[in-house]
Amino acid sequence: MKRSAVFTARARELRRDPTPAELRLWDLLRSARLAGFKFRRRHHVEPYITDFCCLSARLVVELDGDSHAGKECPDEVRTADLWRKGYEVVRFRNSDVFHEENRVIETILGLCRLRAGCGQSAPGRPSPPPLSPEGRGEPR
């Protein structure tokens, strides 16, 4: 089975068995309900399967439940890798979705507007260095 087919099958499996927090957040994000921003659930961004992804804002929303306890280092590596691919990553605990729903939605909406509107990185995150004149990726 090709690697992309494996990822597609795994993403489908994850969509079929969401956590209660994922269901609640998906209900708020689906069908472009968040100010017209379209989100995808369990979207594949090589080599990861994200919880939620807004392609127009290049924003990934991750929900961290009990299964993430003690996995802070792998989560940081994943976040840094997605950032290098041009995505901002915002993480919330599952409990935030239920107990601080307004803050979660306001944060996601603010990041979407910031990133889609002016193409800048989120506050506190430096922009990647500009490409060299030769386009090799080294800073000028």
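Things worth noting here:
- Matching option when the condition is β-branched (Val, Ile, Thr) and assigned to a helix (DSSP H, G or I), among Val61, Val77: Val77
- Looking across the stretch 32-56, the residues that are more than 10 Å from the chain's Cα centre (by Cα) and over 18 Å from Arg16 (Cα atoms) come down to Ala32, Arg33, Leu34, Ala35, Gly36, Phe37, Lys38, Glu46, Pro47, Ser56.
Rundown of residues vs (1) surrounded by 13 or more Cβ atoms within 10 Å (Cβ to Cβ); (2) of a type in the set (Gly, Ala, Ser); (3) out of contact with any His (no Cβ under 9 Å at 6 or more places or on another chain); (4) within 20 Å of Arg113 (Cα to Cα), yes/no style:
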{"site": "Arg16", "(1), (2), (3), (4)": "no, no, yes, no"}
{"site": "Pro20", "(1), (2), (3), (4)": "no, no, yes, no"}
{"site": "Arg24", "(1), (2), (3), (4)": "yes, no, yes, no"}
{"site": "Leu28", "(1), (2), (3), (4)": "yes, no, yes, yes"}
{"site": "Ala32", "(1), (2), (3), (4)": "no, yes, yes, yes"}
{"site": "Ala35", "(1), (2), (3), (4)": "no, yes, yes, yes"}
{"site": "Arg41", "(1), (2), (3), (4)": "yes, no, yes, yes"}
{"site": "His44", "(1), (2), (3), (4)": "yes, no, yes, no"}
{"site": "Ala57", "(1), (2), (3), (4)": "yes, yes, yes, yes"}
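All of the numbers you see were taken from the coordinates with simple rules; none came from a lab. This one's a predicted model, so the numbers in the text were calculated from it and none came from an experiment. Positions of Cβ are backbone-derived with ideal geometry, glycine not excepted, and every protein chain shown enters the neighbour counts.
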